[in-house]
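Visitor: Below: one structure in structure tokens.
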Amino acid sequence: MTTIALHVEPGALGAVDASLALPLAIAEAHAAHVTALVFAAGVFRDASGADMTSLNEQELLARENAVAAHVQEVLQARGLRFELRGRSSFAYGVGEVLADQMRVSDIGIVSFGPGADVGERFVVSAGTFSSGRPLLLVPSGHVAATHPTRLVLAWDASPASVRAIHGALPFIKRAEAVTIVSVTDDKEFRQGQSGVELAHLLARHGAYAAFRPVQRGRGGVGAAIMDVAREVQADMMVMGAVRHAPLHNLVFGSATMDLLDRGPTLPTLLAA
């Protein structure tokens, strides 16, 4: 991993510092270059969480610039290689900004939580489905500043899960433990259980990987996988992202939509 595209949502400096903790720990672990994109995708909020939409354009821009200056100080203090870009650098919509930078990066990182507004979801959707690169969603307020060491990989043998796991190889190779989870009554698997074969592949990459088949249960696919994540005390999830038609989501549900609706409870790497 050499290059990280990092979206920083302007806001109260305490929230900004929290959103930087894990991405900068990852950048340090991999000696990666950080391209920090500082622009407002959602509603700007002050330190108390109050909605600041009453501010005029110049006031909002001044606040964005203040956050950008703070981010620059933090990156310089950490001794990281970086470049900083504000919204004046962009000639197109905010959703495409992150996706465009991710195309020339190894990974994108975004802070994302429950109750995200339309703009924030638009940025995450574009980064996930339009960039061709993996996107790491970090729960809002997540302050852990250590490289992930216990990973859970959601595996259904789909092209999206294949791309997610290969995109996560820089994390997988450094992990202390990797658990591959398949919900075996969700989809039909090829004879021989490809999850076991995936564990062998990751072992050849130097990972400590084990395969864990589980049943869906009443809570659905996402809940079954999260039960395993809690059991093994995972600090990162890896999963494929799939867009279904609205009717499919209504009838069958969607692990991807559940994640975006509820927000991740632990850092989650997505790839489509």
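Visitor: State yes or no: is PHE211 under 25 Å from ILE109 (Cβ atoms) and at pLDDT 95 or above?
Guide: On the way: under 25 Å from ILE109 (Cβ atoms): no; at pLDDT 95 or above: yes.
Judged against the criteria, PHE211 is not a match.
Visitor: Within the range 105-129, can you find the residues that are assigned to a loop (DSSP other than H, G, I, E, B), touching a Lys or Arg at 6+ places or on another chain (Cβ under 9 Å) and more than 15 Å from ALA27 (Cβ to Cβ)?
Guide: Residues of the range 105-129 assigned to a loop (DSSP other than H, G, I, E, B): 105-106, 113-117.
This time we only want the ones that are touching a Lys or Arg at 6+ places or on another chain (Cβ under 9 Å), so: 105-106, 114.
PRO114, the sole residue that qualifies.
Visitor: Additional query: Quick test of your reading of the structure: GLY95 fulfils all but one of (1) touching a helix residue (DSSP H, G or I) at 6+ places or on another chain (Cβ under 8 Å); (2) over 28 Å from PRO114 (Cβ atoms); (3) at pLDDT below 80. Name the failing condition by number.
Guide: Here GLY95 meets the rest and fails (2).
Visitor: List every residue pair whose Cβ atoms lie under 8 Å apart, where the two residues are 6 or more positions apart in sequence or sit on different chains, the first residue falls within the range 198-226 and is closer than 13 Å to TRP155 by Cα, and the second residue, located anywhere, is part of a loop (DSSP other than H, G, I, E, B) and basic (Lys, Arg).
Guide: ALA224/ARG216
Visitor: Next question. Within the range 123-152, how many residues turn out to be under 23 Å from ASP17 (Cα atoms) and open to solvent by 10 Å² or more (accessible area, probe 1.4 Å)?
Guide: Matching residues across the range 123-152 total 10.
Visitor: When only residues in the range 157-183 that are in a helix (DSSP H, G or I), of a type outside the set (A, V, I, L, M) and open to solvent by 10 Å² or more (accessible area, probe 1.4 Å) count, which is nearest to HIS30 (Cα to Cα)? Walk me through it before giving the result.
Guide: If we filter the range 157-183 for residues that are in a helix (DSSP H, G or I), which is where we start, we get 159-167, 169-172.
Add one more test, that the residue is of a type outside the set (A, V, I, L, M), and what stays is 159, 161, 163, 166-167, 170-171.
Now restrict to residues that are open to solvent by 10 Å² or more (accessible area, probe 1.4 Å): 159, 163, 166-167, 170.
Working: PRO159: 27, ARG163: 20, HIS166: 17, GLY167: 14, PRO170: 8 Å.
Among residues in the range 157-183 that are in a helix (DSSP H, G or I), of a type outside the set (A, V, I, L, M) and open to solvent by 10 Å² or more (accessible area, probe 1.4 Å), the one nearest to HIS30 (Cα to Cα) is PRO170.
The values are calculated or read from the model by the stated rules, or taken from the named source; none is laboratory data. Computed from a predicted structure; not experimentally measured. Quick reminder, even Gly has a Cβ in these numbers, built from the backbone with ideal geometry, and neighbours come from all protein chains shown. What goes into the accessible areas is simple: the full protein's heavy atoms, side chains included, and nothing from ligands, DNA or RNA. Shrake-Rupley method; radii C 1.70, N 1.55, O 1.52, S 1.80 Å.
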